[in-house]
Each structure stands twice: as structure tokens, then as C-alpha cells.
Amino acid sequence: MHLKRILSAAILLPAFLLLVQFGTALHFFVLVALAILVGLYEFYGMAKAGGWHPLTPLGMGCGVALSCVEFFEAPAPWLISALSGVVLVLLISLMVGGTDQKEAASRGAVTLLGLIYVAGLMSFPALLRAMEPGRTYIFYLVFVTWAGDTGAFYVGSTMGKRLLCPSVSPRKTVEGSVGGLICSVLASGLARLWFWEGLGAVEVVAMGLGLGVMGQVGDLCESMLKRSFGVKDTGALIPGHGGLLDRVDSLLFTGPVLYVAALAGWV
């Protein structure tokens, strides 16, 4: 398992970094749009395994459409109209389907949940990349987030004794959580020395801790969803890691945090 994880990272990570470095914001958006499609497919697959009946093709189409509206800087009224349109299309589809009210409500709810959880949260890295220092933001985001993931995994595997949240994830430990936070802060400091010299000392610690905490929240949310749906992994796309959502679950929550911080001028 560890060898598969390392080999997958050795192949995929350089390709991702090369795309960020030499590709445009539009190229990165195309990658994110594809990831949204895969992520929604995995999410709705989990929901089906758990006995739900989402509107998979419609949800996937709406997810990409919403990400396009968001990326191409639609003003707030247009974005609100798009969201309202998605809800309207879902309702019409459910009525045409002829299902009873309870079944229609459950199908609409799980479809919308997928849109919010996958398409909504996964769109933020594309918005970050579209900003002026977009490459720096993406490099920082993945470096700090994945450093925290890696630290939590290996510290928890070797030193973990006290369970962090056994009702959600029986493997995650307090020691692993603390180790992950330390690695996130250290990675934030290394990022300042390596490629983001303008990041202040306070921001190094604050953003390291902020992304570290939210990354772990994202990981726990993913575990909660998998347990609710009764599945072990979101998919089998990446050897040693599981599905795409298994690999980006932390980024779903750290991306919005860094975007808000950048938008507010805190970094």
C-alpha cells in the first residue's frame, strides 16, 4: 500500500506541478472541471451504494456549468440565477420522473449535496489560480495541505494511541492530528523560504494552522460521508489512495480558506 501511494505521487505530482507552472489559468480550470466531473461521479456512486438515487448525469452537468459561471467571473445576480436554475431543473426533472414526494425529495437532496460538496468546494482552486499570484497560491495550497495530510498519516500510523473521533474514523488519532498541524506550519515556513518571500511570519503560522485544521476537518467530513454511505473508498482511480475524492478531501476545505484570505488581503 505504501509503495503504491509513493509511486502514484511520484507520477501524478510532477505532472500537476508542471501544469501549474507552465499552463495558464484556463488550462488549470480545465483540469479542475475534469476533477469536478470525476468527483461528482464518485460521490453519486457512493450515494447509490448507500441506497440513494441521485440524478447523476444532471448533477454532473450542473456541476461543470456552475464552475464555469464561477470561473468566468459572473456577477452575483448571474450566479444566484444559475443556482436558482439548477434547483429549478432538479425539481422539474423529479416531477417528470413521476416519483413520489418522499423519493423525489431524497433524490433532489443528495444531488444538491453532491453539487455543493464537490462542485462548489472544488471550484476555489481555479479561482485562486486566476488571481495575479495564482501560481504561488496553488503551490502554497497543495504544499501545506498535503504536508499536513502526510504528517498526520505517518505520525498517526507510528505513534498514534488516542483516537481523535472514533465515531467518524476509527484510525485517526490525536497524535496524528497534532503531527499533521506541526507539518502544516513547517511547510508554511518552508514555503516562505522557498517561493513566497512576501509571506509574513504571523501569516506563516496563522495560515499553516488554519489550513492544517481545515484540512483535517475535510478529511473527517469525507470519512463521515463514506461511513454514512457504507463504502471504504470513494473509488479506485489512484492506486494506493483510492478515488479522486480520497486524495483531494482536504483541499476541498483548505481551498476556500486560502481564497477568502487572499480576497481579504490577509496574505
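The values are calculated or read from the model by the stated rules, or taken from the named source; none is laboratory data. Note that the structure is predicted; figures quoted are calculated from it, not measured. Methodologically, a virtual Cβ is constructed for each residue, glycine included, from the backbone with ideal geometry; neighbour enumeration extends over all protein chains shown.
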Requested in this report: Tell me, please, whether a residue that is among the charged types (D, E, K, R) and modelled with pLDDT of 95 or more can be found in the range 29-43.
Outcome: yes
Query raised in the report: If you check every pair at least six apart or on different chains, which have Cβ atoms under 7 Å apart with a residue in the range 16-43 that is without any contact (Cβ under 8 Å) to a residue 12 or more places away in the chain and more than 22 Å from D233 (Cα to Cα) first and a residue that is of a type in the set (A, V, I, L, M) and assigned to a helix (DSSP H, G or I) second?
Result: H27/L19
Query - Odd one out for T254, checked against (1) assigned to a helix (DSSP H, G or I); (2) at pLDDT below 95; (3) polar (S, T, N, Q); (4) within 23 Å of L34 (Cβ to Cβ) - result: (2)
Requested in this report: For the range 216-226, state whether one or more residues are over 15 Å from the mean Cα position of the chain (by Cα), modelled with pLDDT under 95 and surrounded by 17 or more Cβ atoms within 10 Å (Cβ to Cβ).
Outcome: no
Requested in this report: Say whether the condition of being in contact (Cβ under 8 Å) with a residue 24 or more places away in the chain and acidic (D, E) is met by at least one residue in the range 173-181.
Outcome: no
Query raised in the report: What tally of residues in the range 201-241 results from selecting those that are in a helix (DSSP H, G or I) and within 22 Å of G180 (Cα to Cα)?
Result: 26
Query raised in the report: Which condition breaks for S169 when tested against (1) in contact with a Ser or Thr (Cβ under 8 Å, 6 or more places away or on another chain); (2) among the polar types (S, T, N, Q); (3) crowded, with 18+ Cβ neighbours inside 10 Å?
Result: (3)
